[in-house]
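The values are calculated or read from the model by the stated rules, or taken from the named source; none is laboratory data. Keep in mind it's a predicted model, so treat the numbers as computed, not measured. Glycine gets a Cβ as well: all are built from the backbone with ideal geometry, and neighbour counts include every protein chain shown. To get the accessible areas, we keep the full protein, side chains included, count just its heavy atoms, and leave off ligands, DNA and RNA. Shrake-Rupley method; radii C 1.70, N 1.55, O 1.52, S 1.80 Å.
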Amino acid sequence: ALNKLKDYHKVLDVALSSFKETYEKGGFYWKDQKGRNVLLKPYIHCVVGDMAGVNEMVGHYNNCQANCLIKDCKCSQKTYLDFPCNCQPISWLELQECSDAGEVFKLFHERGLISERDMSNIRSDSELAKQLSKHKITNAFDGLPLADAHQGIIGLTPQEMLHMMGCGMFKYLILGVKDIIGANGKNSRVKGLVNQHFVDVKEFLSRNAEKDICRMSNRVGMFNVTSLTNDEIRGNFVGLVTFMHTTYGRALLKPYFDAKSVNFDEMLVGGALRMAC
């Protein structure tokens, strides 16, 4: 797999060679609609792809057993259930307050985010590479003009919502609530009550003036997400969190959360935040 990734970046390096050559020459002249010669300097602003493709671009492990599942931060699998999460975003204002690049990299380190300094250190530190779930490769984007000088290609590859959220986090949050109630067929009566009241929640939300809500589906119940689309899974998650906020939903489900030592209210706050995303 590592050799395949190295070959992938060698191919990318060749494909991007003319781009790099133009950049190193200082750009190129282009005549606009008014006949003026304009100097254009190319740079990479953003690269869009799915999760697997983006991981290959940045040299991140494409493995669910990796220590760090997310390419951008240093959170390990052991800390993923912590709330709030260990890594925290950095605002533009905070970057502006830094006097030099050293302060910026220090801020990234304090917030648990991966920076270009970490990617540089990985080349000579195999243990750090393993800890951050990064391959030691010559990345094709090294040396190219990138819009993000502090995270490099990692900061220019936004998370892809389809697999990360719709078919990822939302799906497993629903299944997580199901397992808290009871693994496999355990406590099927309670799961049946959730399915029964989900029909009402879906009906009431469909009458809401807020129309920017993903479509829900109750054709196979709340917890059977295998045959649902990405939007339906997201919509059903909204319905589940809404049901958990009701008096009946709290009375029905909270005892099972307490039995598993899971804080019901923190779960609701986390669910509401993810709904907002």
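Identify the residue in the stretch 221-270 that is part of a helix (DSSP H, G or I) and β-branched (Val, Ile, Thr) and, among all such residues, is nearest to the chain's Cα centre (by Cα). I'd like the intermediate steps shown before the answer.
Filtering the stretch 221-270 for residues part of a helix (DSSP H, G or I) gives 230-245, 247-259, 264-270.
In the following step, the residues that additionally are β-branched (Val, Ile, Thr) were identified as 233, 238, 241-242, 247, 269.
On the way: 233: 17, 238: 18, 241: 20, 242: 23, 247: 32, 269: 19 Å.
By that ranking, first place goes to 233.
Tally up the residues in the stretch 104-142 that are open to solvent by 50 Å² or more (accessible area, probe 1.4 Å) and either in a loop (DSSP other than H, G, I, E, B) or under 23 Å from residue 51 (Cβ atoms) (or both), please.
11
Go through (1) more than 19 Å from the chain's Cα centre (by Cα); (2) open to solvent by 50 Å² or more (accessible area, probe 1.4 Å); (3) modelled with pLDDT of 90 or more for residue 186 and report which single condition fails.
Tallying (1) more than 19 Å from the chain's Cα centre (by Cα); (2) open to solvent by 50 Å² or more (accessible area, probe 1.4 Å); (3) modelled with pLDDT of 90 or more, residue 186 fails exactly one: (3).
Yes/no per residue for (1) under 18 Å from residue 155 (Cβ atoms); (2) without any contact (Cβ under 8 Å) to a residue 40 or more places away in the chain:
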site: 30; (1), (2): no, yes
site: 34; (1), (2): no, yes
site: 41; (1), (2): no, no
site: 45; (1), (2): yes, no
site: 80; (1), (2): no, yes
site: 88; (1), (2): yes, yes
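Looking at the stretch 27-51, which of the residues that are part of a loop (DSSP other than H, G, I, E, B) and in contact with a Leu (Cβ under 8 Å, 6 or more places away or on another chain) is nearest to residue 161 (Cα to Cα)?
The selected residue is 50.
Is it the case that the stretch 149-171 has a residue that's touching a His at 6+ places or on another chain (Cβ under 9 Å), in a loop (DSSP other than H, G, I, E, B) and either open to solvent by 30 Å² or more (accessible area, probe 1.4 Å) or modelled with pLDDT of 90 or more (or both)?
No - not one qualifying residue is present in the stretch 149-171.
Do you know which residues across the stretch 209-248 are of a type in the set (Val, Ile, Thr), under 22 Å from residue 263 (Cα atoms) and open to solvent by 60 Å² or more (accessible area, probe 1.4 Å)?
If the condition is that a residue be of a type in the set (Val, Ile, Thr), under 22 Å from residue 263 (Cα atoms) and open to solvent by 60 Å² or more (accessible area, probe 1.4 Å), then 247 is the only one that fits.
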